[in-house]
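Submitted below is the structure of interest, expressed as structure tokens.
Please treat every number below as a calculation from the coordinates, not as lab data. Fair warning: this is a prediction, and the values are worked out from it, not measured in the lab. Ideal geometry is used to build each Cβ from the backbone, glycine not excepted, and the neighbour counts take in all protein chains shown.
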Amino acid sequence: QKEVEQDPGPLSVPEGAIVSLNCTYSNSAFQYFMWYRQYSRKGPELLMYTYSSGNKEDGRFTAQVDKSSKYISLFIRDSQPSDSATYLCAMRDSWGKLQFGAGTQVVVTP
Amino acid sequence: DAGVIQSPRHEVTEMGQEVTLRCKPISGHNSLFWYRQTMMRGLELLIYFNNNVPIDDSGMPEDRFSAKMPNASFSTLKIQPSEPRDSAVYFCASSLELQGGYGYTFGSGTRLTVV
């Protein structure tokens with residue numbers, strides 16, 4: 001079993017809809033949780049970073065962490081065609097390297 | 001800052017040839033990572049360095065792969081001899097610190113095709 005599980009999609013939504021992405025993990029030592037966005041033929045770029053359980057907002061993006069359930073989520077409000085990309089969750093403990101999910105491909109249709 | 005710089009952007013080579021990928025991390029970052037990305041396997045960590053010292057190379061697929069970091073501003077990943085199954089996008093990433101909550105900054109990648 002992988003330490004980080006993420007549905008690869010694709011996830012197709014109409015413009016303006018809310019995009020909901022999630023990952024589950026098995027290692028309770030993970031303390032830092034991140035979301036990366038990767039456009040086609042580009043490197044992943046850090047989108048959101050959270051440390052503790054709870055919500056974090058940045059513009060149209062909200063990251064949620066539920067450590068008790070080992071579950072993290074990313075919500076994109078008012079989605080735009082420019083949000084079409086692959087979204088990867090990533091997490092690490094205080095010492096180790098980042099563990100990435102497989103990535104979910106999101107397509108926002110006009 | 002120009003970010004993490006990788007070269008070349010694209011590389012097409014024949015099976016059996018030596019391939020060298022290059023990376024310049026962000027100035028001041030002390031950790032450097034080499035990843036390989038394929039459709040089938042996603043992002044795979046190959047090796048990472050901390051303060052120019054290799055820490056974990058357990059992800060290197062076999063002895064044909066080697067990586068060096070002679071100084072804080074340069075790293076190479078070499079494949080010798082190359083095989084068609086090495087075809088992938090290779091990313092270099094750097095981080096301010098190895099421990100803690102620091103994210104990685106990725107380069108634009110090198111798309112390697114071995115024919």
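Where does each of B:Glu11, B:Glu62 land when they are ranked from fewest to most other beta-carbon atoms within 10 angstrom? Show your work: numbers first, answer last.
Numbers: B:Glu11 19, B:Glu62 8.
Lowest count first: B:Glu62, B:Glu11.
Okay, next question. I need the phi-derived Karplus couplings for the range B:35-51: 6.51 cos²θ - 1.76 cosθ + 1.60, θ = phi - 60°, integer Hz, Gly and Pro marked x.
So the Karplus estimates, Gly and Pro as x, are 10, 10, 10, 10, 4, 6, 10, x, 7, 10, 7, 8, 7, 9, 10, 10, 6 Hz.
Using a Gaussian network for chain B with springs between C-alpha atoms less than 10 Å apart, which of these wobbles most: B:Ser94, B:Ser31, B:Ser73?
The residue with the greatest mean-square fluctuation here is B:Ser73.
Tell me, what is the Rg over Rh of the protein assembly as shown, with Rh the Kirkwood radius over Cα pairs?
Rg/Rh for the protein assembly as shown comes to 0.97.
So which aspartates and glutamates pass the test for A:Lys70, namely a Cα distance under 16 Å, with those fewer than 8 places away in the same chain ruled out?
Straight-distance partners of A:Lys70: A:Glu3, A:Glu5, A:Asp7, A:Asp93.
A further question follows. Using unit Cβ charges (K, R positive; D, E negative) and no other charged atoms, how large, in debye to the nearest 20, is the dipole of chain B about its Cα centre?
240
May I ask you to evaluate 6.51 cos²θ - 1.76 cosθ + 1.60, the Karplus curve with θ = phi - 60°, for each residue of the range A:31-40 and list the ³J(HN,Hα) values in order in whole Hz, giving x for glycine and proline?
10, 10, 10, 9, 10, 10, 10, 10, 7, 4
Moving on to the next point. Among B:Asn71, B:Val114, B:Ala2, which residue has its Cα furthest toward the positive end of the charge dipole of chain B, with +1 on Lys/Arg Cβ and -1 on Asp/Glu Cβ?
B:Ala2
Chain A: Rg/Rh from Cα coordinates, Kirkwood Rh?
Answer for chain A: 0.96.
Quote to one decimal, in nm, the extra length available between B:Glu97 and B:Asp57 on full extension: 0.36 nm per residue of separation minus the C-alpha distance between them.
Using 0.36 nm per residue and subtracting the Cα-Cα distance, I get 12.6 nm.
In the range B:5-49, what % of DSSP beta bridges are antiparallel (nearest 5)?
Counting only bridges with both partners in the range B:5-49, antiparallel ones make up about 100 percent.
A further question follows. What is the list of residues in the range B:29-66 whose amide nitrogen lies under 17 Å from a point 7 angstrom out from the Cα of B:Met15, following Cα to Cβ?
Under 17 Å, as judged by backbone N against the label point of B:Met15, lie B:64 of the range B:29-66.
What trypsin sites (Lys or Arg not before Pro) does the range B:16-115 have in DSSP loop regions with at most 10 other beta carbons within 10 Å?
Qualifying residues, ordered by number: B:Arg41.
Could you work out the relative contact order of the range B:1-58? I mean the mean sequence separation of Cα pairs under 8 Å and 6+ apart, divided by the number of residues, in percent.
RCO, the range B:1-58: 24 percent.
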